[in-house]
Amino acid sequence: MNLRDDARALADDLVRLRRTLHRTPETGLDLPRTQETVLSRLDGLPLEITTGTGLSSVTAVLRGAAPGPVVLLRGDMDALPVAERTGLDFAADNGRMHACGHDLHTAMLTGAATLLCAHRDRLAGDVVFMFQPGEEGFDGARHMLAEGLLDAAGRRPDAAYAVHVMSAGLPGGVFGTRGGPALAASDVLRVTVRGAGGHGSMPHRAKDPVQAGCAMVTALQAWITRTFDVFDPVILTVGTFHAGTQENVIPDTAVFKATVRSFSAAAQARVKDGTVEVCRGIAAAYGVAVDAEFAELYPVTVNDHAEADFAAHVVREALGEERFAPQPRPLHGSEDFSRVLAEVPGAMLTLGAPPAGADPEHSPNNHSPLAEFDDAVLADGATVYAELAARRLAPTA
Ligand SMILES: [Zn+2]
């Protein structure tokens, strides 16, 4: 079977599908139109299809001609609450945008389903296609796991793979991955400092939550630099800080929120407890009360070393040596595919898709209202998804 040639024949079709999805982006866990589009694309293929109950997911199982391993392939489908400013003729105009390229993932995964279904008689084992809503902060993967994703084929998957397109940072058509941590854990620290308001001229008769809150912000940063090895880093950025109404009134409360990124489970656990302790300690020193809450969003995405090596090998064999570049470091972003990789060994791959002719070092990043993804990568993206499954399953002959 030559999946790459088959994929080339599908290319125009995949571009049309991707642009349809791009024009009509949906966000969160409920993507009814996107789900309908995916279901209509899969219609007629020899797949066992189930849809989610608490979210508009689609899980499709392809049974090979003989028994063998189970491979899971993930494509996320949701967009972001970003008003698109690319000016593309298929740009969205509903205040939402496929600014992270999940429209390409959805198109590539339907392409892979078409390719693998056509060669079903040559496959020993099963393929689970995971079409996932709610990657962007809604933990859609966790919901799909809770609804039985890993039992879809009747046996748990032996391997799991996902591909993520990048509008910057990688040349067009080049895949990357690495063994070990591939993306950061992403968490949030929410802090409310409770003091006692008063007149700005008489701070000695008040309990100033602004001073205490500012001390917490600087102490958190100092604590991080003194606590974590620079080679197992933690990033803490206070993105909001709100207090007060005017300059001569000491307010009752100050509220701030920070995003926290870490790259190992140990660092994530330590920063979770430590940040709350720092805030409590500063509050005690300043004589104010504090509610500090550390909410875990997504864990570290950890690629299995053997599966990452296998994925690199598959890209090189299927597309050529020059189409793979090892990912030197984990990415600062986070992913709920981490939930799947915590259960099943596998790998997440990146795929460069900057606009044709653009310098990938300077093109707008994923999540920018100006982010553009070259859909010339779709056929090769579908090929790699399909090859990962086909080569990981046992050959029938
Ligand atoms: Zn994304």
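With both bridge residues required to lie in the chain, what share of the DSSP beta bridges run antiparallel, to the nearest 5%?
Values: 49 of 70 bridges.
Among the beta bridges of the chain, antiparallel pairing accounts for roughly 70 percent.
Give me the number: length gained by fully extending R190 to R329, i.e. 0.36 nm times residue separation minus the C-alpha to C-alpha distance, one decimal in nm.
On the way: separation 139, 0.36 × 139 = 50.04 nm, distance 2.86 nm.
Result: 47.2 nm gained on full extension.
Using helices alone, I'd like the mean residue ellipticity at 222 nm for the chain: each DSSP H run of four-plus residues gives -39500 (n - 2.57), total over residue count, nearest 500. Write down the numbers at each step before the final one.
Values: 9 runs with 132 residues, N = 397.
About -11000 deg cm²/dmol.
For a label point 7 angstrom out from the Cα of A295 toward its Cβ, which stretches of the stretch 193-234 have the backbone nitrogen within less than 18 Å?
193
Roughly how many nanometres apart are two label points built 7 Å out from the Cα toward the Cβ at V230 and N365?
According to this spin-label approximation, the distance is 2.1 nm.
Could you calculate the FRET efficiency of M202 with H242 from 1/(1 + (r/R0)^6), where r is the beta carbon distance between them and R0 is 25 Å, rounded to 0.05?
The formula returns an efficiency of 0.60 here.
Would you please state the base-10 log of I(q)/I(0) at q = 0.13 1/Å for the stretch 256-397, with intensities from the Debye formula using one equal scatterer on every alpha carbon?
Calculated log10 I(q)/I(0) at the listed q: -0.78.
If neighbour count is taken as other Cβ atoms inside 10 Å, put M202, M144 in order from fewest to most.
Working: M202 9, M144 27.
Arranged by neighbour count, lowest to highest, M202, M144 become M202, M144.
Rg(Cα) of the chain divided by 2.2 N^0.38 Å? Before the final figure, lay out the partial values.
Values: Rg = 23.6 Å, N = 397, 2.2 N^0.38 = 21.4 Å.
The chain yields a ratio of 1.10.
What is the spin-label model distance, in nm, from A9 to A285 if the labels are put 7 Å beyond Cα along the C-beta direction?
That separation, rounded to one decimal, is 7.0 nm.
What do the square roots of 5 times the Cα gyration tensor eigenvalues come to for the stretch 320-377, in whole Å, largest first, as semi-axes of the equivalent ellipsoid? Working shown, then result.
Working: eigenvalues 117, 51, 24 Å².
In descending order the semi-axes read 24, 16, 11 Å.
Need the C-alpha centroid separation for the stretch 331-360 versus the stretch 245-311, integer Å.
Computed from Cα coordinates, the inter-centre distance equals 24 Å.
Normalising by the residue count of the chain, find the relative contact order in percent from Cα pairs under 8 Å and 6+ residues apart.
Relative contact order for the chain comes out at 26 percent.
Which order do H119, H362 fall in if you start with the one that has the fewest other Cβ atoms within 10 Å?
Details: H119 18, H362 8.
Ascending Cβ contact count within 10 Å gives the list H362, H119.
Once the Cβ-Cβ distance between A358 and R120 is put in as r, and R0 is 41 Å, what FRET efficiency do you end up with, to the nearest 0.05?
Numbers: r = 39 Å, r/R0 = 0.95.
According to the calculation, E is roughly 0.60.
For the stretch 193-213, list residues with backbone N below 14 Å from a point placed 7 Å from the Cα of V249 toward its Cβ?
197-201
Can you sort Y298, Y161, Y286 so the residue with the fewest Cβ neighbours within 10 Å comes first? Don't skip to the end; give the middle numbers.
Values: Y298 23, Y161 29, Y286 19.
Ascending number of Cβ neighbours within 10 Å: Y286, Y298, Y161.
Rule-based calculations on the coordinates, nothing more; no lab input. Fair warning: this is a prediction, and the values are worked out from it, not measured in the lab. No Cβ is skipped: glycine too gets one built from the backbone with ideal geometry, and neighbour counts run over all protein chains shown.
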